[in-house]
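J.: Below is one structure. I have some questions about it.
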Amino acid sequence: QNPPPRLQNDSWGKQYSHALFKAMSHMLCIGYGQQAPEGMTDVWLTMLSMIVGATCYAMFIGHATALIQSLDSSRRQYQEKYKQVEQYMSFHKLPGDTRQRIHEYYEHRYQGKMFDEENILGELSEPLKEEIINFNCRNLVANMPLFANADPNFVTAMLTKLRFEVFQPGDFIIREGTVGKKMYFIQHGVVSILTKGNKETKLSDGSYFGEICLLTRGRRTASVRADTYCRLYSLAVDNFNEVLEEYPMMSRAFETVAMDRLDRIGEE
């Protein structure tokens, strides 16, 4: 189509600028330039360019959205998960203080990002999995005398069976008289061991507790309460026995600490 009469004598730059403006107006579906299409040919070309432009625009928006979401997929996954939690709390009409504790738990447990860690580690080879677990638990190993002088193979065997858990201040991690199925290693935090004599014993980073019940196969002899936000690693009784069968020398180390604690409880 020839340019409008007023542009026929203008420079090529002005003519191409006008043509580009009109083409973009068609393809971005925001109009059809300064002039409405006149003939049927203009009408059909305008509709075709608008369809092509709308398709390209939709593809651009779709790719841009996917790119933005992929930049921090773990945070998006956390937000989607927490929205479900909020809807769950609203559906059951949970009280405000309970909702606040749940919110704080999610903040401390996941810190705004959520990963399917078990699936990720399950896809890796055993050497890579062990390397990652040893790196993640390096502070626990460094602070815990039990691991400091132990066989590295024992440490690795133990770490691969640990499960990360978070407890809030005031939570009872262990209740006296219950059947024990786990022991715990403290990565960070302070707990109180509460005995029948109402005497409190504090344990902090690098300590462990709950092994007495696993060794004696009895019931819990004391309660354990979290005094601060506690980041712990738990070890199930089956895994505990499995590891100690392979390393009987370490079994004696656990038994020594357990007997000392039982003696203290008996004295109170």
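The values are calculated or read from the model by the stated rules, or taken from the named source; none is laboratory data. Just so we're clear, the structure is a prediction, and the values are computed from it rather than from any experiment. Here Cβ is always computed from backbone atoms with ideal geometry, including for glycine, and neighbour counts include all displayed protein chains. Please note that ligands, DNA and RNA were not included when accessible areas were found on the heavy atoms of the full protein model with its side chains. Shrake-Rupley method; radii C 1.70, N 1.55, O 1.52, S 1.80 Å.
J.: Hey, what did the chain get for relative contact order, percent, Cα under 8 Å, at least 6 apart? Mind showing how you got there, number by number?
T.: Numbers: 311 pairs, mean separation 38.6, N = 268.
Over the chain, the number comes to 14 percent.
J.: Highest GNM mean-square fluctuation, the chain, Cα pairs closer than 10 Å: which of ASN119, ASN239, ASN143?
T.: Greatest mean-square fluctuation among the candidates belongs to ASN119.
J.: Let me ask something else. Find how much the distance from ALA58 to GLU38 grows on full extension, using 0.36 nm per residue of separation minus their present alpha carbon separation; answer in nm with one decimal.
T.: Details: separation 20, 0.36 × 20 = 7.20 nm, distance 2.80 nm.
Value of the extension gain: 4.4 nm.
J.: May I pose another question? Which shape class applies to the stretch 160-241: rounded if a/c is under 1.5, otherwise prolate when a/b exceeds b/c and oblate if not, where a ≥ b ≥ c are the square roots of the Cα gyration tensor eigenvalues? Intermediate results must be reported in sequence, preceding the final value.
T.: Details: a/c = 1.92, a/b = 1.06, b/c = 1.80.
Judged from the Cα gyration tensor, the stretch 160-241 comes out oblate (a/c at least 1.5, b/c at or above a/b).
J.: Run the helix sum for the chain: -39,500 (n - 2.57) per DSSP H stretch of 4+ residues, divided by residue count, reported at 222 nm to the nearest 500 deg cm²/dmol.
T.: Values: 12 runs with 154 residues, N = 268.
Computed mean residue ellipticity for the chain: -18000 deg cm²/dmol.
J.: With a length cut of 24 Å (Cα positions projected on each helix's long axis) and a Kyte-Doolittle mean of at least 1.0, go through the chain and give me the DSSP H helices that pass.
T.: Working: long enough: 40-71 (46 Å, 1.24); 73-91 (27 Å, -1.85); 248-267 (29 Å, -0.32).
Flagged H segments are 40-71.
J.: Which of (1) 26.4; (2) 18.8; (3) 24.3 is the computed Kirkwood radius over Cα pairs in Å for the structure on display?
T.: So the calculated entry is the one marked (3).
J.: Of the residues ASP72, ASP151, ASP97, which exhibits the maximal mean-square fluctuation in a Gaussian network model of the chain defined by a 10 Å Cα contact cut-off?
T.: Evaluated over the chain, the most mobile residue of the options is ASP97.
J.: How would you order 10-19, 169-178, 205-214 from highest to lowest mean count of nearby Cβ atoms within 10 Å? Could you put the intermediate results ahead of the total?
T.: Numbers: 10-19: 11.9, 169-178: 14.2, 205-214: 20.5.
Packing proxy ranking, top to bottom: 205-214, 169-178, 10-19.
J.: While we're here: Per the 1.4 Å probe, what fraction of the accessible area of the stretch 78-178, in percent, lies on carbon and sulfur atoms?
T.: Values: 3300 of 6600 Å².
Accessible surface attributable to carbon and sulfur in the stretch 78-178 totals 50 percent.
J.: So what's the net charge close to GLU123: Lys and Arg +1, Asp and Glu -1, counting the other residues with Cβ under 14 Å from its Cβ? Write down the numbers at each step before the final one.
T.: Values: positive: LYS129; negative: ASP116, GLU117, GLU118, GLU126.
Taking every other residue near GLU123 into account, the sum is -3.
J.: Spin-label point model (7 Å from Cα, Cβ direction): what's the MET259 to PHE135 distance in nm?
T.: My value for the distance between the label points is 4.1 nm.
J.: How far is the Cα center of the stretch 112-183 from the Cα center of the stretch 197-268, in Å?
T.: 15 Å
J.: What residue among GLY218, GLY39, GLY122 shows peak mean-square fluctuation when the chain is described by a Gaussian network model with Cα springs under 10 Å?
T.: Of the options given, GLY39 has the highest mean-square fluctuation.
J.: Continuing with this model, one more query. Suppose R0 equals 25 Å. What FRET efficiency, 1/(1 + (r/R0)^6) with r the Cβ-Cβ distance, do LYS196 and ARG101 give to the nearest 0.05? Kindly include the intermediate steps, with their values, before the conclusion.
T.: Working: r = 29 Å, r/R0 = 1.14.
Calculated transfer efficiency: 0.30.
J.: Going down the table (LYS113/LYS181; LYS161/LYS202; LYS161/LYS182; LYS182/LYS202), which pairs top 22 Å between alpha carbons?
T.: Among LYS113/LYS181; LYS161/LYS202; LYS161/LYS182; LYS182/LYS202, the Cα-Cα distance tops 22 Å for LYS113/LYS181; LYS161/LYS202.
J.: Go through THR156, THR216 and list them by solvent-accessible area, largest first, probe radius 1.4 Å. Provide the component values of the computation, followed by the final result.
T.: Details: THR156 30, THR216 80 Å².
Sorted by accessible area, descending: THR216, THR156.
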